[in-house]
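So the structure is just underneath, and the comments pick up after that.
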Amino acid sequence: MAEEKGERSILITGANRGLGFEMVRQLVEGPCKPRNVFAACRNPDGAQAEELRNLVKKYPDIITVVRLDATDPSSIQESAKVVGSKLKGRGLNVLVNNAGVMAAGNMEDTTDDNMLSAFSTNVMGPMNVIKGFLPYLRTAAKSCDKPGMSCCKAAVINISTALGSMSSIPQLYSIFPAFSYSISKAGLNMLTVCCSLDLKEDGILCTALHPGWVRTDTGGPQAPMEAKQSVEGLLKVMQTLTEKNNGGFLDYTGKTVPW
Ligand SMILES: NC(=O)c1ccc[n+]([C@@H]2O[C@H](COP(=O)([O-])OP(=O)(O)OC[C@H]3O[C@@H](n4cnc5c(N)ncnc54)[C@H](OP(=O)(O)O)[C@@H]3O)[C@@H](O)[C@H]2O)c1
């Protein structure tokens with residue numbers, strides 16, 4: 001029997017492992033399957049994308065894997081062309097900027113290269129990805145006649161972290177010193193607020209979400225939560241977002257995270 005597909009299209013960066021892969025998995029295995037899930041990753045043929053390739057074999061009509069390195073503007077442009085040809089004039093409803101890098105360590109441990117890599121992947125990456133896919137987000141927003149803002153219409157979701165929260169970091173820094181990561185994610189938070197202002201006229205929602213502390217390569221083996229639980233929460237929260245959350249910062253349970 002043919003799968004029942006919805007109307008929405010969603011793109012997730014860093015979709016080959018961790019939270020990004022789990023998001024793709026839950027979207028295609030859930031009851032309300034999107035029309036298109038664009039699973040963007042920088043090395044679709046690599047060993048770290050094997051689970052994703054297996055999932056594509058099960059859901060070839062829904063998942064399109066696109067090669068996208070968030071630090072490489074030309075790969076973003078190329079991937080946008082692939083996505084555009086697949087959308088065939090329809091819009092992209094949700095863009096999830098999930099790809100991220102983290103280097104542990106305090107100021108003295110941190111090199112210029114750590115800082116540049118964190119800034120390039122966690123701040124400039126999301127900015128360039130938003131710019132690259134903006135025409136399709138605008139198409140989605142324009143073609144939806146519902147008032148207000150939502151992930152059903154058009155939205156940018158930036159996966160941030162409580163470690164990027166200036167008011168939370170005094171309690172967290174001694175447990176998780178990640179100097180370059182925290183500074184770059186604070187930058188991503190500001191990017192979220194600035195984008196929410198820039199894209200308001202277009203009706204495109206822009207929100208930062210904290211996934212909790214999750215057992216992935218970034219979160220490490222001591223993290224208390226599985227990716228499954230975090231992503232269930234993130235997807236639920238995404239469904240509830242409205243214009244009230246434009247430029248906001250929430251965690252995977254829907255609680256506001258202080259800036
Ligand atoms: N896990 C946690 O506890 C936690 C907590 C707060 C926030 N977060 C955030 O959640 C997001 C996902 O992290 P995760 O926990 O799922 O970590 P993860 O398992 O380490 O995955 C990181 C993902 O980012 C991708 N990536 C890194 N640099 C990239 C680039 N230049 N272009 C494209 N993709 C790139 C990786 O791809 P490759 O396989 O090619 O390296 C991988 O798919 C990140 O933004 C992270 O900061 C995680």
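The values are calculated or read from the model by the stated rules, or taken from the named source; none is laboratory data. Because the structure is a prediction, the values reported are computed rather than measured. Note that each Cβ is placed from the backbone with ideal geometry, even for glycine, and that neighbours are counted across all protein chains shown. Just the protein is used for accessible areas: all its heavy atoms, side chains included, with ligands, DNA and RNA removed. Shrake-Rupley method; radii C 1.70, N 1.55, O 1.52, S 1.80 Å.
Say we look at the stretch 1-31 and pick out the residues that are away from the ligand (no atom under 16 Å from the Cβ), open to solvent by 10 Å² or more (accessible area, probe 1.4 Å) and within 16 Å of LYS58 (Cα to Cα); which of these is modelled with the highest pLDDT?
Narrowing the stretch 1-31 to residues away from the ligand (no atom under 16 Å from the Cβ): 1-9, 28-31.
Next, only the ones that are open to solvent by 10 Å² or more (accessible area, probe 1.4 Å) stay: 1-8, 29-31.
The next check asks that each one be within 16 Å of LYS58 (Cα to Cα); those that pass are 1-5, 29-31.
Working: MET1: 39, ALA2: 43, GLU3: 46, GLU4: 49, LYS5: 59, GLU29: 98, GLY30: 95, PRO31: 93.
Per the stated criteria, the residue is GLU29.
Just give me the residues in the stretch 32-54 being touching a Pro at 6+ places or on another chain (Cβ under 8 Å) and open to solvent by 20 Å² or more (accessible area, probe 1.4 Å), in sequence order. Give the steps one after another, and end with the answer.
Initial filter on the stretch 32-54 (touching a Pro at 6+ places or on another chain (Cβ under 8 Å)): 52-53.
Across the stretch 32-54, the qualifying residue is only ARG53.
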Failed condition for LEU234, given (1) closer than 30 Å to ASP109 by Cα; (2) outside any loop (DSSP other than H, G, I, E, B): (1)
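Evaluate the following for LYS228: is it away from the ligand (no atom under 14 Å from the Cβ), open to solvent by 20 Å² or more (accessible area, probe 1.4 Å) and at pLDDT 95 or above? Give the derivation first.
On the way: away from the ligand (no atom under 14 Å from the Cβ): no; open to solvent by 20 Å² or more (accessible area, probe 1.4 Å): yes; at pLDDT 95 or above: yes.
So LYS228 does not fit the description; no.
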Filter result (more than 22 Å from the chain's Cα centre (by Cα) and in a helix (DSSP H, G or I)) within the stretch 170-186: PRO170, GLN171, LEU172
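Out of everything in the stretch 86-114 that is on the phi > 0 side of the Ramachandran plot and open to solvent by less than 80 Å² (accessible area, probe 1.4 Å), what residue ends up being nearest to the ligand (Cβ to nearest atom)? Write out each step before concluding.
Going residue by residue through the stretch 86-114, those that are on the phi > 0 side of the Ramachandran plot are 88-89, 105.
Now drop any that are not open to solvent by less than 80 Å² (accessible area, probe 1.4 Å), which leaves 89, 105.
Values: GLY89: 27, GLY105: 15 Å.
The residue in question is GLY105.
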The lone exception for CYS206 - which of (1) assigned to a helix (DSSP H, G or I); (2) within 30 Å of LYS88 (Cβ to Cβ); (3) under 14 Å from the mean Cα position of the chain (by Cα); (4) not polar (S, T, N, Q) it fails: (1)
The stretch 232-253, residues that are over 24 Å from ALA186 (Cβ atoms) and within 15 Å of the chain's Cα centre (by Cα): GLU232, LEU235, LYS236, GLN239
Residue among ALA40, ALA70 that alone is out of contact with any Leu (no Cβ under 7 Å at 6 or more places or on another chain) and closer than 14 Å to GLY125 by Cβ: ALA70
Scan of the stretch 55-85 for residues that are more than 16 Å from the ligand (Cβ to nearest atom), in a loop (DSSP other than H, G, I, E, B) and open to solvent by 10 Å² or more (accessible area, probe 1.4 Å), ordered by number: TYR59, PRO60, ASP61
Residue ID - farthest from ALA80 (Cα to Cα), chosen from residues in the stretch 137-181 that are surrounded by 24 or more Cβ atoms within 10 Å (Cβ to Cβ) and among the small types (Gly, Ala, Ser): ALA178
